[in-house]
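Read the structure below first, then the notes.
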Amino acid sequence: MRMLDIIIKKRNGLPLTQEEFTFIAQGAAKGTVPDYQLSAFLMAAFANPLSDKETAMFTKAMAASGDRLEFKNIKAPKTDKHSTGGVGDGISIPLAPLVACAGVAVPMMSGRGLGHTGGTLDKLESIKGFNVRTPVKQIYKQIKEIGVCMFGQTADLAPADKKLYSLRDATGTVESRPLITASILSKKYAEGVDSLLMDVKFGSGAFMQKYEDSKKLAKGLVNTAKLMGLKCRALITDMQRPLGRAIGNSNEMLQSIKILKGDAQIAPDFYDLLLETAAQMLLISGKAKDVKKAKAELEKYLQNGEAAEKFKQIIKWQGGNPDIVDNPEKYLKNAKLQHLVKAEKDGYITEMDAKLCGQAAVLLGAGRGKMEDEIDYGAGIWLEKKYGDAVKKGDVIARIYASDKKRLAAGAELFLQALTIKKSKAKKEPIVREIIK
């Protein structure tokens with residue numbers, strides 16, 4: 001089998017076989033196929049998009065290019081969730097322990113933030129000592145003992161995706177929906193889960209800003225996952241404005257801990273999406289049949305302390321101090337410099353652009369412009385007011401934190417550009433717009 005023949009076949013719009021996709025994936029993982037030929041294949045696949053069947057075969061091939069977690073000794077259903085990313089979208093942090101309380105095993109593999117979107121691993125590392133580079137043996141043991149582990153992708157899980165992902169970025173093929181689908185699902189399939197919930201976002205702060213584009217991606221993800229034998233559904237959610245009140249790392253962790261301890265009022269939009277996401281995970285895992293009953297059960301775990309206790313167990317297992325759950329303000333400190341953003345007139349907040357808010361957080365030091373950048377865990381934004389809220393002149397809309405005066409000024413200036421205040425009320429839309437099954 002020759003890579004050149006595969007490239008020409010796909011260039012001519014012909015379907016590829018499982019063996020050919022396996023050849024590509026193994027070549028990418030082992031370095032036996034040069035980058036220029038992998039790049040040529042990606043461009044051919046961009047010009048002649050993979051079918052759902054081809055996407056499923058390519059996904060399996062990439063997942064099989066390395067190790068796959070196997071949980072044969074764990075009888076509980078295994079499930080995970082993937083978000084396409086957003087601003088203030090720290091749902092994964094409270095979600096994993098909450099779903100685990102319901103008797104579902106949650107091997108949650110997450111990534112780091114890049115650009116204006118935050119990363120779950122960075123938020124977890126705002127807990128001093130928390131180890132996200134979890135050895136496979138510990139993942140197995142931890143799942144068996146407490147039902148949940150939160151970790152980063154290892155070099156042995158879907159290594160072909162790591163190579164092809166970097167080449168997609170360099171060859172202008174990032175926007176290909178089948179290639180996006182294969183990239184996302186290959187990592188999740190390698191986790192060894194039975195079911196998967198997708199949170200596909202749209203709006204200014206999302207990877208895909210147009211609703212219809214996000215819907216097409218959601219359908220492709222669900223269809224491909226099902227072809228691979230995974231139970232799957234997708235939520236299409238609004239990311240035009242930030243989710244919750246916290247944008248950053250320590251402050252998002254603080255918000256999550258308070259919600260895990262039953263505070264439903266600190267960020268109602270975040271709380272509602274958490275319950276919806278968790279309930280849908282229980283449905284696809286087979287642990288629940290009714291959304292309302294699932295939400296009621298999950299809310300019980302938030303209110304009676306079980307969800308917070310489960311998070312303490314995760315922290316202890318992964319090297320952090322579980323006392324952070326009991327005393328979060330003691331450990332999760334904001335950066336030393338603060339700027340108050342105040343309303344310049346009476347009215348209603350009719351826009352709070354998520355992308356600009358996320359970019360402001362990066363300027364403050366809460367995110368990365370490139371992967372080598374260091375993160376200031378205490379930098380970020382706390383929203384005292386949200387989209388749709390009424391404000392009076394002088395009201396504090398946001399508290400902005402940084403460790404450097406120049407960063408503070410730059411972040412505050414950009415955040416102001418995200419805001420619009422008008423006399424008329426803004427129309428509020430539900431966060432979850434559609435569920436793809």
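The values are calculated or read from the model by the stated rules, or taken from the named source; none is laboratory data. Keep in mind that this is a model prediction, so the values were computed, not measured. Here the Cβ is made from the backbone with ideal geometry for all residues, glycine too, and neighbour counts use every protein chain on show. Only protein heavy atoms, including side chains, enter the accessible area calculation; ligands, DNA and RNA are left aside. Shrake-Rupley method; radii C 1.70, N 1.55, O 1.52, S 1.80 Å.
Listed values, structure above:
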item: Any hit, the range 139-153, residues being in a loop (DSSP other than H, G, I, E, B), free of Cβ contacts under 8 Å to residues at least 60 places away in the same chain and more than 30 Å from Met352 (Cα to Cα); result: yes
item: Pick from the range 136-151, criterion open to solvent by 10 Å² or more (accessible area, probe 1.4 Å) and either under 21 Å from the mean Cα position of the chain (by Cα) or among the aliphatic types (A, V, I, L, M) (or both), ranking: modelled with the lowest pLDDT; result: Val136
item: Lone unmet requirement of (1) part of a helix (DSSP H, G or I); (2) at pLDDT below 95; (3) open to solvent by 10 Å² or more (accessible area, probe 1.4 Å) for Lys219; result: (2)
item: Filtered residue count, the range 279-326, keeping only those that are touching a Lys or Arg at 6+ places or on another chain (Cβ under 9 Å) and among the β-branched types (Val, Ile, Thr); result: 3
item: Conditions (1) open to solvent by less than 40 Å² (accessible area, probe 1.4 Å); (2) small (Gly, Ala, Ser); (3) free of Cβ contacts under 8 Å to residues at least 60 places away in the same chain; number of the one not met by Ser166; result: (1)
item: Every residue from the range 222-258 that is assigned to a helix (DSSP H, G or I) and hydroxyl-bearing (Ser, Thr, Tyr); result: Thr224, Ser250, Ser256
item: Any pair with Cβ under 8 angstrom, 6 or more apart, that starts in the range 357-373 at a residue that is free of Cβ contacts under 8 Å to residues at least 24 places away in the same chain and ends at one that is part of a loop (DSSP other than H, G, I, E, B) and open to solvent by 50 Å² or more (accessible area, probe 1.4 Å); result: none
item: Scope the range 387-412; condition touching a helix residue (DSSP H, G or I) at 6+ places or on another chain (Cβ under 7 Å) and of a type in the set (D, E, K, R); matching residues; result: Arg407
item: Gly115 being closer than 23 Å to Thr237 by Cβ and touching a residue at least 60 places away in the same chain (Cβ under 8 Å); result: yes
item: Residues that are open to solvent by 30 Å² or more (accessible area, probe 1.4 Å) and modelled with pLDDT under 90, drawn from the range 98-114; result: Gly111, Arg112, Leu114
item: Counted residues, the range 154-163 - those being assigned to a loop (DSSP other than H, G, I, E, B) and either hydroxyl-bearing (Ser, Thr, Tyr) or crowded, with 18+ Cβ neighbours inside 10 Å (or both); result: 3
item: Pairs with Cβ under 8 Å, 6+ apart, first in the range 30-48 and touching a residue at least 24 places away in the same chain (Cβ under 8 Å), second part of a loop (DSSP other than H, G, I, E, B) and among the β-branched types (Val, Ile, Thr); result: Leu42/Thr173; Met43/Thr173; Ala45/Thr173; Phe46/Thr173
item: Residue match in the range 403-412 (condition: buried (at least 17 other Cβ atoms within 10 Å of the Cβ) and either closer than 23 Å to Met208 by Cα or touching an Asp or Glu at 6+ places or on another chain (Cβ under 6 Å) (or both)); result: no
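Here's the yes/no breakdown for (1) assigned to a helix (DSSP H, G or I); (2) farther than 30 Å from Ala105 by Cα; (3) open to solvent by 10 Å² or more (accessible area, probe 1.4 Å); (4) at pLDDT 95 or above:
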| residue | (1), (2), (3), (4) |
| --- | --- |
| Ile184 | yes, no, yes, no |
| Lys187 | yes, no, yes, no |
| Met198 | no, no, no, yes |
| Lys215 | yes, no, yes, yes |
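Residue-by-condition table, conditions (1) at pLDDT 95 or above; (2) open to solvent by 10 Å² or more (accessible area, probe 1.4 Å); (3) assigned to a helix (DSSP H, G or I); (4) under 24 Å from Phe151 (Cα atoms):
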position	(1), (2), (3), (4)
Ala279	yes, no, yes, yes
Lys287	yes, yes, no, yes
Lys292	yes, yes, yes, no
Ala296	yes, yes, yes, no
Glu309	yes, yes, yes, yes
Lys312	yes, yes, yes, yes
Ile315	yes, no, yes, yes
Gly319	yes, yes, no, yes
Glu329	yes, yes, yes, no
